[in-house]
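Asker: Structure in structure tokens, see below.
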Number of protein chains: 2
Amino acid sequence: MIEMVLLGSGNVATHLFKAFSASEGIRVKQVYNHSEKSLEFFRNKCAVTTEISQLAAADIYLMALKDDVIPEMSEKLKDLEALVAHTSGSVALDALKACPRRAVFYPLQTFSKNNAVNYSEIPFCLEAANPKDLETLKKLAQKVSGKSYEISSEQRKKLHLSAVFICNFVNHLYAVGEQICEQNHMPFDILKPLIAETAGKVQHASPAKVQTGPAIRNDQSTIQAHLELLEEGENKKIYELLTSAIKTFHGKKL
Amino acid sequence: MIEMVLLGSGNVATHLFKAFSASEGIRVKQVYNHSEKSLEFFRNKCAVTTEISQLAAADIYLMALKDDVIPEMSEKLKDLEALVAHTSGSVALDALKACPRRAVFYPLQTFSKNNAVNYSEIPFCLEAANPKDLETLKKLAQKVSGKSYEISSEQRKKLHLSAVFICNFVNHLYAVGEQICEQNHMPFDILKPLIAETAGKVQHASPAKVQTGPAIRNDQSTIQAHLELLEEGENKKIYELLTSAIKTFHGKKL
């Protein structure tokens, strides 16, 4: 049985709490947050506290906190002999340098407040100051998801960056598609099968190898027609830049 | 029984042929293409011809041809009394003006040569010069997919434009993610669950409402850190432009 104290009460903390609670062999003993109110969700499910001095004994103290409070929290936990880990994609392991048994347990997924997540599909990116703790994290990840990767702080920064491209920026392109549909009195539903197919295709094929569309065909007349449909503004700039980027990527003449 | 002659032998023609062949109540009588060789796939499955003068009698002549040959093909088919339709997202109905019973039957999906497609998920965008032909196209779409929308030439241009954003440009962002993974010795597999979740989320929610990431949080320190990780070049330009576009879209201060 791995006993855990969870620090934080936001989206990541809530989703991890649900995932751990649904898994055998893990027990979340306590949830900490500095504000009483944000602990509401956890109150009837486990012990809660707003005081660092009241933290329960545990094997792992897992921080799901805002990036910028991680170093100061690590200072507050420096006397703990247990494993102390954070869950951030962009914060280095060294941010926990006050803690001797420091580690990273980063779930690469997008968590929204009201969106159910299939935890078994979350890849966990692991890093630890010592090999034994890494094994513990692997076990922890396995109980929830089965998928874990050993990723250094340097790699994790790059992984977090690439997640911005394939998740946050992709979602904005979906929003642009929705906007164009609304402005032209078409339901966004028309685009949904194509969104699903586009994401589905790269589950088994390299995206570089399945690129389609006017840019990679160097189809100037369609590109020109599309540019004429777009008003001056950021959607037009996105069209121009991504068309040019696709051509460069695939070595087409500009 | 709807009898059809299919003109063309590329990806769209091949996928539509498979979809129609698997459906009750539709019979593809013949496939036309100007080149003998490209008809190979169809040869043992139905009649084929390379001669316009040899076209069989049918209810619908469906062109799955390159955009720029549609007007000249329409001239060649002008004496037909049957329904003549094209399948292009970016060509107006008027391109078939030589044909009295002209129509559009546009499947909004990305077709790659070797990729199986779930036809029941393809939305068909329909337009016809007369209402009776529109009903016929609706029946045809229903036999394959169940999903069809009446979309004018003006709307279809915008729909095709938005498909470039949510499919072609999205796929390029996947390719950038794959590139960053490769350059940092991480398997692209790590990103696949996040790609699936991001696309899955907007099947039931408005993308504008589920935007996440540093841009919408206006998290300058993460944005700066990411920009420092990116070399000068198109990936950096994409990062800058999409970050700015997300802020503008959601009314954040730049």
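Asker: Return the percentage of antiparallel bridges among DSSP beta bridges fully within chain B, rounded to the nearest 5 %.
Answerer: If I count the DSSP bridges inside chain B, around 20 percent turn out antiparallel.
Asker: Can you list the copy-to-copy distances for B:HIS204, using a point 7 angstrom from Cα toward Cβ, in nanometres, shortest first?
Answerer: 2.5
Asker: Give the long-range amide H neighbours of A:LEU7: residues separated by 5 or more places, or on another chain, with amide H under 5 Å away, using H modelled in the peptide plane at 1.01 Å from N.
Answerer: When sequence neighbours closer than 5 places are left aside, the close amide H contacts are A:TYR32, A:LEU62, A:MET63, A:ALA64.
Asker: Separate question: Within region A:83-232, what percent of beta bridges assigned by DSSP are antiparallel, to the nearest 5?
Answerer: Antiparallel: roughly 45 percent of the beta bridges in region A:83-232.
Asker: Tell me which B residue has its C-beta closest to the axis rotating B onto A, and the distance in Å?
Answerer: B:ALA199, 2
Asker: So for B:HIS34, A:HIS160, B:HIS204, what's the accessible-area order with a 1.4 Å probe, most first?
Answerer: Largest accessible area first, the residues go B:HIS204, B:HIS34, A:HIS160.
Asker: What does the charge add up to near A:GLN179, with Lys and Arg as +1, Asp and Glu as -1, over the other residues with Cβ less than 14 Å from its Cβ?
Answerer: Here the charged neighbours net out to -1.
Asker: Apply 1/(1 + (r/R0)^6) to the Cβ-Cβ distance of B:ASP68 and A:MET1, taking R0 = 60 Å, and write down the FRET efficiency to the nearest 0.05.
Answerer: Efficiency at R0 = 60 Å is approximately 0.30.
Asker: Kindly give the distances from B:GLU182 to its copy-mates, label point to label point, with each label point 7 Å from Cα along Cα→Cβ, as nm values to one decimal ordered shortest first.
Answerer: 3.7
Asker: Separate question: Put a dot 7 Å past each Cα toward the Cβ at A:ASN130 and A:LYS37; how far apart are the dots in nm?
Answerer: Result: 4.2 nm between the two label points.
Asker: Taking the solvent-accessible surface of protein heavy atoms with a 1.4 Å probe, what is the per residue accessible area of the protein assembly as shown in Å²?
Answerer: The answer is 44 Å² per residue.
Asker: Can you send over the solvent-accessible area of B:THR50, 1.4 Å probe, protein chains only, in Å² to the nearest 10?
Answerer: 40
Asker: Between Rg and the Kirkwood Rh of region A:1-41, both from Cα atoms, what is the Rg to Rh ratio?
Answerer: Radius of gyration over Kirkwood radius for region A:1-41 works out to 0.97.
Asker: Cα axis of helix A:234-249 to longest principal axis of chain A: angle in degrees, 0 to 90, nearest 10?
Answerer: Approximately 90 degrees, to the nearest ten.
Asker: Can you tell me the orientation of helix A:192-201 relative to chain A, as the angle in degrees between its alpha-carbon axis and the longest Cα principal axis, to the nearest 10?
Answerer: For A:192-201 against chain A, the angle is about 70 degrees.
Asker: Now, a different point. Which order do B:LYS237, B:LYS247 take when ranked by solvent-accessible area (1.4 Å probe, heavy atoms of all protein chains), largest first?
Answerer: Accessible-area ranking of B:LYS237, B:LYS247, largest first: B:LYS237, B:LYS247.
Asker: Right, here's the next one. Past the 19 Å Cα-Cα mark, which pairs from A:LYS66/A:LYS139; A:LYS209/A:LYS252; B:LYS97/B:LYS132; A:LYS192/B:LYS147; A:LYS37/A:LYS66?
Answerer: A:LYS66/A:LYS139
Asker: On C-alpha positions alone, give me the angle between the axis of helix A:220-229 and the longest principal axis of chain A, in degrees, nearest 10.
Answerer: Approximately 70 degrees, to the nearest ten.
Asker: If I take every Cα pair under 8 Å that is 6 or more residues apart in chain A, average their sequence separation and divide by the length, what percent do I get for the relative contact order?
Answerer: Value for chain A: 12 percent.
Asker: Further, regarding this structure: Give, in whole angstrom and from largest to smallest, the semi-axes √(5λ) of the equivalent ellipsoid of region B:2-151, with λ running over the eigenvalues of the Cα gyration tensor.
Answerer: Equivalent ellipsoid semi-axes, largest first: 20, 19, 14 Å.
Asker: Now for a different question. Over region B:156-249, what relative contact order in percent results from Cα pairs under 8 Å that are six or more residues apart?
Answerer: In percent, rounded to a whole number, it is 18.
Asker: Could you put A:LYS132, B:LYS252, A:LYS236 in order of accessible surface area, largest first, with the 1.4 Å probe and the full protein assembly present?
Answerer: Putting A:LYS132, B:LYS252, A:LYS236 in descending order of accessible area: A:LYS132, B:LYS252, A:LYS236.
Asker: Excluding B:ALA47 itself, calculate the net charge of residues whose Cβ lies under 15 Å from the Cβ of B:ALA47, where each Lys or Arg counts +1 and each Asp or Glu counts -1.
Answerer: 0
Asker: At a probe size of 1.4 Å, how large is the accessible area of A:ARG102, to the nearest 10 Å²?
Answerer: Using a 1.4 Å probe on the heavy atoms, I get roughly 60 Å².
Asker: Leaving out ligands, DNA and RNA, what percent of the accessible area of region A:167-226 is carbon and sulfur, probe 1.4 Å?
Answerer: Result for region A:167-226: 51 percent of the exposed heavy-atom area is carbon or sulfur.
Asker: Given a Förster distance of 25 angstrom, what is the FRET efficiency for B:ILE52 paired with B:SER21, based on the Cβ-Cβ distance and rounded to 0.05?
Answerer: With R0 = 25 Å, the Cβ-Cβ based efficiency is 0.60.
Asker: Mind pulling the per residue volume of the convex hull built on the Cα atoms of the protein assembly as shown? Å³ is fine.
Answerer: Per residue, the Cα convex hull of the protein assembly as shown comes to 165 Å³.
Asker: Also, quick follow-up: Only bridges with both residues in the protein assembly as shown count here: give the DSSP antiparallel percent, nearest 5.
Answerer: Percentage antiparallel, nearest 5: 20.
Asker: Amide H to amide H under 5 Å from A:ILE2: which residues, 5+ apart in sequence or cross-chain, H placed 1.01 Å off N in plane?
Answerer: Hits under the 5 Å cutoff: A:ILE26, A:ARG27.
Asker: Compute the signed sum of charges (Lys and Arg +1, Asp and Glu -1) over the other residues within less than 13 Å, Cβ to Cβ, of A:ARG101.
Answerer: Summing Lys and Arg as +1 and Asp and Glu as -1 gives -2.
Asker: Pairs of Cα atoms under 8 Å, at least six residues apart: use those to get the relative contact order of region A:1-126, whole percent.
Answerer: Computed value for region A:1-126: 22 percent relative contact order.
Asker: At 4 °C and 1.567 mPa s, what whole-number value in µm²/s does Stokes-Einstein give for the translational diffusion of chain B, with Rh from the Kirkwood sum over Cα pairs?
Answerer: Result for D is 62 µm²/s.
Asker: Using a label point 7 Å beyond Cα on the Cα-Cβ vector, give me the inter-copy distances for B:GLU231 in nanometres, one decimal, shortest first.
Answerer: Values, ascending and in nm: 3.9.
Asker: Summed for both chains, how many Å² of accessible area, to the nearest 100, are buried between B and A with a 1.4 Å probe?
Answerer: For chain B against chain A, roughly 8300 Å² becomes buried.
Asker: GNM, chain B, Cα, under 10 Å: largest mean-square fluctuation among B:LEU194, B:LEU93, B:LEU77?
Answerer: Comparing B:LEU194, B:LEU93, B:LEU77 in the GNM, the peak value goes to B:LEU194.
Asker: Find which of A:ALA103, A:GLY25, A:ALA82 sits farthest along the positive direction of the dipole of region A:1-131, computed with +1 on the beta-carbon of Lys and Arg, -1 on that of Asp and Glu, about the Cα centre.
Answerer: Farthest along the dipole direction, towards plus: A:GLY25.
Asker: Let me know the Rg and Dmax you get for region B:175-215 when you use only its Cα atoms, in Å.
Answerer: For region B:175-215, the Cα radius of gyration and maximum Cα-Cα distance read 12.5, 35 Å.
The values are calculated or read from the model by the stated rules, or taken from the named source; none is laboratory data. Computed from a predicted model, the values in this text were never measured in an experiment. With ideal geometry, Cβ positions are generated from the backbone for all residues, glycine too; neighbour counts draw on all protein chains shown. Note: areas computed on protein heavy atoms with side chains; ligands, DNA, RNA excluded. Shrake-Rupley method; radii C 1.70, N 1.55, O 1.52, S 1.80 Å.
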